[in-house]
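Presented below is the structure to which this report refers.
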Amino acid sequence: MKPKILVTREVFSEALDFLSRHFDVTPNQADTPMNPEALAEALADKDGALTTLSERIDDALLARCPKLKAVCNIAVGFNNIDLKACQARGVMATNTPGVLDASTADFTWALILATARRVTEAEQYLRAGKWTGWKLKQFLGTDVNHSTLGILGMGRIGQAVARRARGFDMTVLYHNSRRLSAEVEKDCHAAYVSMDDLLARADILSVHTPYSPATHHILGAAQFAKMKPGAILINAARGGVVDDAALVEALKRGTIAAAGLDVFENEPALHPDFLRLTNVVLTPHIASSSEATRRRMAMLAAENLVAALTTGKPPNLLPPPA
Ligand code: 8YV
């Protein structure tokens, strides 16, 4: 008998076909989000699961899934998975690192440019039929070229964002939990600075840290107060890294000038004031969403699940927390 697996959300057909060659698959091509109760029921007799950020994998759930051996996230982030609980219950957990770095970095640049040059605000004005003609002072924005880009969190995605800054003749500063090697700094044309220096000097601050208790609200009122009044904040990392309520206040008061946001605390719910502010660019968690990349992510997660349940050695096994 083939092992039984659950695919919690809609995936591309090639990933389902691949999984079906190895497993008895319960798909969810209707893409109905599962609440914790529905998820526990669906997983009760399964050996493995292909999951997304929408599903919380915690001890209460695992306690109800005695056969479960592997949970394979279609995401590089894994803050939806309690790794300690997985370790305690002998469940392997995996993510999809690497395959989404370039697409996510590209999209970060879309947010940087759209926010600095007020692209979505100007488009809304035009679509609303308000444009009566050219004006010298219309939608004056901020130059990205020759400005200072600050990167908080210099992993693979932060580095890819830094490398793209060269074409804009920018100064690139970064802060990270550990300083990178001289070779990587040279490749990224990026200089390591303290957190306070980063906040004080960045014209554009882009955050790329994973979300964990250690990075919860790493950017809040105290940090915004240290930034330049003209600064722009970009978050294509994870909701919760930024204190959204404090950001709304900072944007209203002009503590900082603008923000480009792809992720939010409690998404898909947004802080309602984001929708009323004109100095924010808002997108629905799509930074990795190029067709090629989302296909690669789904396939890599499927490969992890096949390896986990056949060899016990998935390529992207997450280590237990320290
Ligand atoms: C995913 C992401 O699309 O990989 C991540 O961590 O945030 C996005 O690229 C999303 O997590 C889907 O589960």
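The values are calculated or read from the model by the stated rules, or taken from the named source; none is laboratory data. Here the structure is a predicted model, which means the values were calculated and not measured. Virtual Cβ from ideal backbone geometry, glycine too; neighbours counted across all protein chains shown. Side chains included, ligands, DNA and RNA excluded: accessible areas come from the protein's heavy atoms. Shrake-Rupley method; radii C 1.70, N 1.55, O 1.52, S 1.80 Å.
Some observations on this one:
- Across region 300-322, the qualifying residues are those that are aliphatic (A, V, I, L, M), touching a Ser or Thr at 6+ places or on another chain (Cβ under 9 Å) and over 14 Å from Gly90 (Cα atoms), and the one among them that is surrounded by the fewest Cβ atoms within 10 Å (Cβ to Cβ) is Ala307.
- When Gly133 is tested against the conditions (1) touching a Lys or Arg at 6+ places or on another chain (Cβ under 6 Å); (2) over 21 Å from Ala259 (Cα atoms); (3) not polar (S, T, N, Q), the lone failure is (1).
- Subset of region 32-51 (residues that are open to solvent by less than 50 Å² (accessible area, probe 1.4 Å), within 16 Å of the ligand (Cβ to nearest atom) and not hydrophobic (A, V, I, L, M, F, W, C)): Thr51
- Qualifying residue in region 6-26 (condition: among the β-branched types (Val, Ile, Thr), open to solvent by 50 Å² or more (accessible area, probe 1.4 Å) and over 13 Å from Asn73 (Cα atoms)): yes
- Qualifying position, being within 16 Å of the ligand (Cβ to nearest atom) and in contact with a helix residue (DSSP H, G or I) (Cβ under 9 Å, 6 or more places away or on another chain), among Thr278, Thr293: Thr293
- For the residues Ser20, Ser54, the requirement of being within 13 Å of the ligand (Cβ to nearest atom) and small (Gly, Ala, Ser) singles out Ser54.
- Pairs, first free of Cβ contacts under 8 Å to residues at least 12 places away in the same chain and open to solvent by 30 Å² or more (accessible area, probe 1.4 Å) in region 72-98, second within 11 Å of the ligand (Cβ to nearest atom) and not in a strand (DSSP E or B), C-beta under 8 Å, six or more apart: none
- Top-ranked residue in region 237-269 [being within 16 Å of the ligand (Cβ to nearest atom) and open to solvent by 10 Å² or more (accessible area, probe 1.4 Å); ranked as farthest from Ala110 (Cα to Cα)]: Asn266
- Of all residues in region 213-232, those that are open to solvent by less than 40 Å² (accessible area, probe 1.4 Å) and assigned to a loop (DSSP other than H, G, I, E, B) total 3.
- Restricting region 233-269 to residues that are β-branched (Val, Ile, Thr) and over 26 Å from Ala102 (Cα atoms) leaves a set whose member that is nearest to the chain's Cα centre (by Cα) is Val248.
- Meets criteria (open to solvent by 60 Å² or more (accessible area, probe 1.4 Å), modelled with pLDDT of 95 or more, in a loop (DSSP other than H, G, I, E, B) and closer than 25 Å to Val242 by Cβ) for Thr132: no
- Subset of region 270-297 that is part of a helix (DSSP H, G or I), open to solvent by less than 60 Å² (accessible area, probe 1.4 Å) and out of contact with any strand residue (DSSP E or B) (no Cβ under 7 Å at 6 or more places or on another chain) - its residue that is farthest from Ala102 (Cα to Cα): Asp273
- Looking across Val184, Val161, one residue alone is modelled with pLDDT of 95 or more and buried (at least 19 other Cβ atoms within 10 Å of the Cβ). It is Val161.
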